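FYI, it's all coordinate maths here, none of it is from the lab. Everything numeric here is computed off the predicted structure, so don't read it as measured data. Glycine also receives a Cβ, built like all others from the backbone with ideal geometry; neighbour counts cover every protein chain displayed.
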């Protein structure tokens with residue numbers, strides 16, 4: 001259901017989207033493939049680099065410091081392949097329907113499941129936003145920036161959406177920040193990794209060091225949760241719709257998502273490689289936060305390298321705060337049948353922008369509350385993210401196979417096969433995570 005505009009005058013949202021689509025049409029007409037990709041790319045890169053958020057990068061850092069270079073390098077790449085499979089469906093859904101994910105669930109499964117999807121996402125996103133501001137504060141701490149200043153900087157980045165009031169401009173601003181996620185690559189290079197060991201890790205898929213136990217399982221599942229989460233589905237489909245992609249743009253949407261997955265996987269692997277010297281030198285860094293990880297790396301990458309590491313964690317939190325708060329605003333607007341677009345003016349989409357700013361502001365302020373149980377929140381977020389992903393994948397696959405919704409973009413048998421593999425994998429991971437929480441000594 002699309003909000004109605006009582007005025008015959010084109011809205012701010014309609015004008016902005018029409019201008020963007022005109023630029024796309026001209027690029028096609030004049031056969032400028034590079035410019036066409038530049039205009040259509042964005043949602044896929046943003047969602048993948050946005051998922052490389054502060055908790056995710058710290059999860060990869062903990063992985064490198066505990067297991068070094070080995071099993072987890074190809075495993076993390078595999079999780080991004082699975083993330084691509086899931087996100088490719090959101091590209092087709094958004095292009096075929098011009099609707100967001102929560103709105104489609106509402107229409108296809110009814111108000112009960114639509115409201116459930118929105119409330120579940122808003123709660124999970126809010127808790128995740130708290131962890132993003134934890135990362136922002138921790139990364140800023142390395143540079144001596146006070147926590148309240150770091151939180152205000154995070155809120156300023158989120159507020160960019162209100163200031164520009166145009167999806168394409170907002171996307172480019174956040175993309176420019178998201179590319180800083182790649183700073184983990186030079187940090188990894190500074191550690192002078194053994195290239196033969198890297199090749200061996202990818203080609204032979206080394207067995208888990210020390211075998212499987214409850215602590216290893218937590219790291220394994222944390223790395224899955226660092227790559228595949230429900231908010232990604234809602235954000236990318238909302239962004240594809242907001243950007244105005246059509247059926248003819250799906251190929252470019254896939255390329256965009258593949259580029260994003262490749263960049264994010266490279267940054268994640270680099271983070272593991274960058275912290276592997278801590279494993280090689282038998283340093284127990286599992287309890288380290290952002291600033292502590294950066295400081296522990298000084299002997300191996302120098303002050304400049306450790307500064308880049310802290311900057312990467314800070315950037316990860318800032319970008320994720322912007323994209324996750326936008327994901328919440330999309331879901332609310334879709335289910336509440338309110339205008340939900342970054343192309344809309346503040347007066348046209350007031351509820352959308354207030355949700356976007358409100359969830360981020362409350363999350364940021366909570367981080368500043370003395371004695372706030374931050375560690376508990378991080379654990380709860382990980383549990384919820386993994387346990388809520390199987391039903392999210394289920395909704396996704398059903399929608400992708402509804403010919404009435406998808407038309408010619410309905411999933412083929414091999415896309416269904418790949419999607420089913422992802423669904424089974426994530427479901428088994430969720431079951432294992434739940435069992436490990438209830439019975440911590442089961443392994």
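Figures for the structure shown
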{"quantity": "Residue exposure sequence - 249, 351 - by fewest surrounding Cβ within 10 Å", "calculated": "351, 249"}
{"quantity": "Burial ranking of peptide ranges 88-100, 398-410, 217-229, 233-245 (average Cβ count within 10 Å, highest at the top)", "calculated": "233-245, 88-100, 217-229, 398-410"}
{"quantity": "Computed FRET value (nearest 0.05) for residue 347 with residue 292, which takes r as the C-beta separation and R₀ as 35 Å", "calculated": "0.15"}
{"quantity": "Stokes-Einstein D for the chain, Kirkwood Rh over Cα pairs, 37 °C, 0.692 mPa s (µm²/s)", "calculated": "150 µm²/s"}
{"quantity": "Hull-based mean projected area of segment 95-193, where the convex hull spans the alpha carbons, in square nanometres", "calculated": "9.8 nm²"}
{"quantity": "Acute angle (nearest 10 degrees) that the helix 72-97 long axis makes with the longest principal axis of the chain, alpha-carbon atoms", "calculated": "10 degrees"}
{"quantity": "Acute angle (nearest 10 degrees) that the helix 12-29 long axis makes with the longest principal axis of the chain, alpha-carbon atoms", "calculated": "80 degrees"}
{"quantity": "FRET efficiency estimate (nearest 0.05) - Cβ-Cβ, residue 194 to residue 113, R0 35 angstrom", "calculated": "0.10"}
{"quantity": "Taking 32, 252, 192, 340 and counting other C-beta atoms within 10 Å, the order from fewest to most", "calculated": "192, 32, 252, 340"}
{"quantity": "Kirkwood hydrodynamic radius over Cα pairs of segment 1-147, then Stokes diffusion coefficient at 37 °C and 0.692 mPa s, in µm²/s", "calculated": "168 µm²/s"}
{"quantity": "Pairwise label distance in nanometres, residue 15 with residue 179, each label 7 Å out on the Cα-Cβ vector", "calculated": "3.0 nm"}
{"quantity": "Rounded FRET efficiency, nearest 0.05, which uses the C-beta distance separating residue 254 from residue 304 and R0 of 30 Å", "calculated": "0.20"}
{"quantity": "Top of 267, 156, 178 by mean-square fluctuation, Gaussian network on the chain, Cα under 10 Å", "calculated": "156"}
{"quantity": "Size descriptor, Kirkwood hydrodynamic radius, that averages inverse alpha-carbon separations across segment 129-186, Å", "calculated": "12.6 Å"}
{"quantity": "Within a Gaussian network of the chain (alpha carbon springs, distance under 10 Å), most fluctuating of 75, 417, 293", "calculated": "417"}
{"quantity": "Packing-based ranking, highest mean first, of 301-310, 423-432 given that Cβ atoms within 10 Å are counted", "calculated": "301-310, 423-432"}
{"quantity": "0 to 90° range, to nearest 10: angle between helix 413-438 axis and the chain longest Cα axis", "calculated": "50 degrees"}
{"quantity": "GNM top mover of 28, 251, 166 - the chain, alpha-carbon springs below 10 Å", "calculated": "28"}
